[in-house]
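FYI, it's all coordinate maths here, none of it is from the lab. Quantities reported herein were computed from a predicted structural model and do not represent experimental measurements. Here the Cβ positions follow ideal geometry from the backbone for every residue, glycine too, while neighbour counts run over all protein chains shown.
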Amino acid sequence: MSYVLPIQEYIDGEYLYIPRRSENRKRWGELKNTRHSLRMRNETILEGYRSGISVEQLATEFSLSPKTVYKILSEMKNNE
């Protein structure tokens, strides 16, 4: 444990952050399936819009602003 003393002298009771290796990092939303859930929600919004549901109705149903719904629709159409 000879490596502990120099670190202890430098840090002296403070926190030390050691980042993950880049190959072990997870992308945003991977741990709790957030990315998948949002993609499914956005697909549902696009399907609803195409079936005639208004932006205002979709915004209310998904607790979003109409501006956010328009943004989602634009992104989904661009990704097709």
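Note down the magnitude of the dipole of the chain about its Cα centre, charges +1 on Lys and Arg C-beta and -1 on Asp and Glu C-beta and zero elsewhere, to the nearest 20 debye.
Numbers: 13 positive and 11 negative charges, 63 e Å.
Here the chain has a charge dipole of around 300 debye.
With a cut-off of at most 12 other beta carbons within 10 Å, and DSSP calling the residue loop, which GluC sites (Glu not before Pro) in region 15-55 qualify? Please list them.
Working: sites: GLU23, GLU30, GLU43, GLU47; in loops: GLU30.
Loop-located and lightly packed - GLU30.
Gain in length, LYS32 to TYR10, computed as 0.36 nm per residue apart minus the alpha-carbon separation, to one decimal in nm? Working shown, then result.
Values: separation 22, 0.36 × 22 = 7.92 nm, distance 3.65 nm.
Once the chain is fully extended between LYS32 and TYR10, it gains 4.3 nm.
How much net charge surrounds LEU58 when only other residues with a Cβ under 15 Å from its Cβ are counted (Lys, Arg +1; Asp, Glu -1)? Mind showing how you got there, number by number?
Numbers: positive: ARG41, ARG50, LYS67, LYS71, LYS77; negative: GLU43, GLU47, GLU56, GLU61, GLU75.
Spelling it out: positives minus negatives among the neighbours equals 0.
Mean separation of Cα pairs under 8 Å and 6+ residues apart, divided by the residue count of region 29-80: what relative contact order is that in percent?
Working: 25 pairs, mean separation 15.8, N = 52.
Value for region 29-80: 30 percent.
Taking only Cα atoms, what is the 0 to 90° angle, nearest 10, from helix 34-50's long axis to the longest principal axis of the chain?
Approximately 10 degrees, to the nearest 10.
Could I have the simple spin-label model distance between MET40 and TYR3, label points 7 Å from Cα toward Cβ, reported in nm to one decimal?
That separation, rounded to one decimal, is 4.3 nm.
Computed over the Cα atoms of region 29-80, what is the ratio Rg over Rh, Rh following Kirkwood? Present the calculation step by step, with values, prior to reporting the outcome.
Values: Rg = 11.1 Å, Rh = 11.2 Å.
With Rh from the inverse mean 1/r over Cα pairs, Rg/Rh is 0.99.
For a quick check: sort ILE72, ILE53 by the number of other beta carbons within 10 angstrom, fewest at the front.
ILE53, ILE72
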